[in-house]
Structures are given as structure tokens and as C-alpha cells.
Ligand code: ADP
């Protein structure tokens with residue numbers, strides 16, 4: 001018997017999107033001068049007009065952050081700061097549905113993911129860091145670690161609220177104040193977060209949010225009143241930022257691109273592994289810096305894994321992100337879609353064999369079907385460059401040593417996955433892999449207690465856990481910040 005598919009759409013009634021937004025500076029919303037549209041990438045509907053911050057807006061935000069730092073926040077006892085973080089965490093939980101709906105409308109990611117991953121994890125980051133605020137002297141970072149000052153924070157569009165939480169929560173817990181800029185295509189949840197700061201009665205100027213594009217980001221990076229830059233985004237922009245701050249006293253953390261290897265040994269439990277491969281590359285449309293975008297299969301099981309993977313991919317539901325049953329939503333922007341299409345064409349031209357399940361893509365909006373390329377070698381561009389979309393490159397290997405060599409043959413080093421029964425080989429492989437985060441018999445698992453960051457071109461420093469605190473503190477032994 002076959003059943004008709006019945007859609008289960010989430011309602012957008014809970015959100016109240018204003019026609020136009022300004023910046024959040026010194027605890028108040030202030031009007032912007034120039035604006036640009038933010039759209040729903042699943043429908044191309046214009047959701048609102050976002051302000052483009054120029055020099056005077058960034059100056060005002062830095063001034064407000066400095067004032068709050070000097071007058072209240074850096075002087076406040078940790079246990080008092082912690083109360084504000086707990087309050088923010090609880091408000092995020094109370095307003096979780098509103099945030100999830102807004103995130104999905106603005107970003108294109110499935111509501112199932114914004115509801116079950118992005119927003120709960122964002123709240124978890126505030127809860128976790130709230131707990132640290134009055135215990136910093138026990139973090140192993142010196143007997144009385146001090147904040148750095150004003151942090152400039154620039155975040156990408158793939159996990160908008162979650163990346164905000166990764167940046168704001170540790171900065172505030174350690175006594176820093178912030179000027180944050182969300183990505184130009186996904187500013188709405190950051191602006192709703194500004195309302196949460198008001199609701200939590202956070203002292204004015206502790207969090208300032210300016211919206212805009214790369215030009216606004218560059219103004220933050222180059223501002224002399226900023227002590228620390230925290231950036232998540234492309235390796236290309238990360239390099240520009242590294243060059244800009246090199247001659248200054250600013251400390252910096254960079255969380256950049258990746259080309260994660262997901263290694264499957266012959267004794268892996270195949271059905272579970274297939275779920276992990278799917279999660280590794282198709283979660284959030286593959287817009288994940290730590291995505292498992294290179295699948296390395298041991299040759300003797302490659303055929304079986306690929307057969308099961310294709311069968312599983314036929315069941316992936318691509319479409320309306322607001323439908324609670326959707327697995328893969330819209331590509332975040334026209335520009336990103338163009339990049340994915342371009343690199344997939346390169347994959348064809350290099351001789352990779354492209355396969356996608358039959359799936360009908362919506363007529364409006366930006367879409368790309370889940371895709372795998374087999375017959376890929378380490379020399380192919382689709383095995384070396386970050387595609388940042390739902391495209392998996394499949395390579396094979398014969399021996400564990402060969403798997404490690406192939407996995408490490410990349411300019412990046414953010415994540416890796418190891419699938420197999422044998423614990424000693426897993427531990428051996430984890431020691432050989434040059435990647436900041438390694439999952440075993442799982443993939444894309446995140447927790448605020450666990451540090452996240454990369455080797456090589458994947459970035460500098462760690463975010464999350466005790467290591468992440470170090471990036472916002474100066475210890476006695478290192479005046480410039482621990483990172
Ligand atoms: P992606 O390629 O994933 O869009 P980007 O690195 O371009 O990633 O963007 C990440 C963030 O960096 C965004 O908030 C963007 O506005 C900002 N940004 C872009 N260019 C610059 C720059 N030159 N200096 C500072 N920030 C920038």
C-alpha cells in the first residue's frame with residue numbers, strides 16, 4: 001500500500017519580521033542610513049531591509065562597547081555576569097520556536113534542524129559559559145586571568161544564531177564586551193538576539209550588533225579601538241584578516257574552511273555508517289565547515305557502501321524548509337548556488353562520475369540536489385576545494401596507512417570521521433589525522449564543552465570548552481591573550 005505524502009508545515013505566525021532594521025548600539029536600536037534586502041532563499045521573497053553599517057556606525061558601536069567595558073562589565077564580579085548569561089540562555093529557550101522559524105525563513109535550513117540543533121545548542125552555549133563566569137581562576141589559565149577588552153566578532157551565514165552564541169557567550173563570560181556583525185544574508189536572528197539582550201536587561205553596550213557586508217567587517221577588523229578579532233568564515237577572508245591584524249596588538253581567532261575526511265574501514269557497521277555519511281555531508285545542505293565532504297572507503301566494501309548510500313539518498317526529502325519532514329532545504333544564496341554548480345561542473349570535467357537521486361526541486365528559490373561523485377582522486381579539485389554544498393566526493397583506499405595519507409593530503413585540517421569496530425586502529429588513526437575535531441562512529445556531533453577548531457588553513461585557535469575561554473583572556477604569562 002502506498003500513502004500520499006501529507007506536508008507538515010510549521011507556521012510563521014510566531015515571528016514578527018519588521019519591514020526595516022537598524023543597528024543595536026549602546027542598548028538601543030538606532031536607524032541605519034543605507035539598506036539592502038534579506039531574502040528567504042527557498043522562495044526569493046524579500047523578508048526585510050537590513051542596514052549597511054559604515055564608519056560612523058562602527059565607531060559608535062566600538063565606543064559603546066568600550067564604555068560598557070570600562071564602566072561596568074570588566075568590573076562586575078563573575079557571579080553577577082553569570083546571572084545575565086543564565087538569563088539570556090533561558091530566554092533563548094523560552095523563545096526557541098520564534099528563533100527557529102526566523103532562522104529557517106532567513107537561512108533556508110530545514111525547520112527540523114533549526115528547531116532541534118541550532119537553537120538548543122545556542123542556548124546550551126550560554127548555559128555552559130554562564131557556569132564558567134565565576135570560576136575563571138580554576139580554568140588553568142593563571143590565578144587571575146583578565147579579559148582582553150572589546151571583541152570584534154564576524155560570523156557567517158550557515159549557523160547564524162549558533163555562531164553568534166559561540167562568539168558572544170565566551171566573550172561575555174570572560175568579561176569582554178562585543179561588537180558583532182552577522183553575515184549579510186542572515187542578519188535576522190542576530191537582530192532578534194538584540195531584543196533578548198534588552199529583555200535580559202544586559203547593561204547597555206555590552207553587546208552591540210552592526211549589520212552589513214564585507215566592507216563593514218573590514219571596518220571592524222581595522223578599528224583601532226578593538227582588542228580582539230574572532231572570525232568564522234572563508235579561508236580567503238581569514239587570510240585577509242590575518243594580514244590586517246599582523247602588525248597590530250590585536251589577538252585573533254580564525255575558524256575557516258575544511259574538507260573533512262570520513263574514513264570507513266572494512267569492519268564498520270554499514271547501515272549505521274551510511275546514516276553517518278548522510279549526516280556528515282547533507283546536514284544543513286552541506287553548508288558546514290566541518291562537513292564530511294570526502295568519503296574514504298576501504299576498497300573491499302566500497303561497492304556495498306555505495307549501493308546502500310544511493311538507496312538511502314533516494315529517501316532524502318528535499319524542499320520546503322518550513323515542512324517538518326524536510327531533510328535538505330534551500331541553498332543560502334544565489335552566489336553560493338553558483339559556486340556549487342561551478343565546482344560540480346569541474347568535477348564532471350575532471351572525470352568524476354556524478355550521481356543524484358531523482359528528486360523534483362522547487363521552481364523558485366535556490367536548490368541543489370544531494371550529489372555524490374565517485375571515481376575521484378586526491379588530485380581532483382572536488383577533493384581539494386571546499387564546495388560548501390550537498391556534494392560528496394568519494395575516494396577509496398586499500399590499507400589504513402593509505403587512508404591516513406589521503407585524509408591528510410589537504411590544505412585544511414578541521415574535522416575527520418573514523419568508522420570501524422577496532423578500537424586500537426581508531427585510536428591509532430585519530431593520532432595520525434591532522435584534524436582539530438575527530439568523530440568516531442558518528443559525525444557532526446557538537447557540544448559546548450568540547451573545543452572546536454582546525455589545523456593548517458582551517459584556522460587559528462579553538463572555540464568552546466576550556467580552550468575556548470583562553471581565546472578571550474590574557475594570563476599573566478601572555479599579555480597578548482593566550483591564543
Ligand atoms: P562565505 O564565503 O562563506 O560567504 P565569507 O568569509 O565571505 O564567507 O563571509 C563570512 C563573514 O565575513 C561575513 O559576515 C562577511 O560579511 C564577512 N566578510 C567578508 N569579507 C570581509 C572582509 N574583507 N573583512 C572582514 N569581514 C569580511
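The values are calculated or read from the model by the stated rules, or taken from the named source; none is laboratory data. What you see is a predicted model; the values in this text were computed from it and never measured. Heads up, the Cβs are rebuilt from the backbone with ideal geometry, glycines too, and the neighbour counts pull from every protein chain shown.
Some observations on this one:
- Residue within region 434-457 that is out of contact with any helix residue (DSSP H, G or I) (no Cβ under 6 Å at 6 or more places or on another chain) and assigned to a helix (DSSP H, G or I) present: yes
- If you go through region 334-360 and pick out every residue that is surrounded by 15 or more Cβ atoms within 10 Å (Cβ to Cβ), over 26 Å from residue 411 (Cα atoms) and either at pLDDT 95 or above or in the same structural domain as residue 38 (by TED's automatic domain parsing) (or both), you end up with 3.
- Scanning region 93-122 for residues that are surrounded by fewer than 24 Cβ atoms within 10 Å (Cβ to Cβ) and either touching a helix residue (DSSP H, G or I) at 6+ places or on another chain (Cβ under 6 Å) or under 18 Å from residue 328 (Cβ atoms) (or both) turns up 93, 96, 112, 113, 115, 116, 117, 121.
- Residues that are within 16 Å of the ligand (Cβ to nearest atom) and buried (at least 24 other Cβ atoms within 10 Å of the Cβ) were ranked within region 174-184; the one that is farthest from residue 469 (Cα to Cα) is 183.
- Lone unmet requirement of (1) assigned to a helix (DSSP H, G or I); (2) farther than 19 Å from residue 180 by Cα for residue 43: (1)
- Count of residues meeting criterion [under 28 Å from residue 100 (Cβ atoms) and away from the ligand (no atom under 16 Å from the Cβ)] in region 125-173: 14
- Contacts under 8 angstrom Cβ, first residue in region 422-434 being over 14 Å from residue 405 (Cβ atoms), partner loosely packed, with under 14 Cβ neighbours inside 10 Å, 6 or more apart: 422/267
- Filter result (outside any loop (DSSP other than H, G, I, E, B) and either on the phi > 0 side of the Ramachandran plot or near the ligand (Cβ under 10 Å from one of its atoms) (or both)) within region 228-238: 229, 231, 232, 235, 236, 237, 238
- Selected residue (only one of 257, 205, 276 is more than 30 Å from residue 73 (Cβ to Cβ) and more than 15 Å from the ligand (Cβ to nearest atom)): 276
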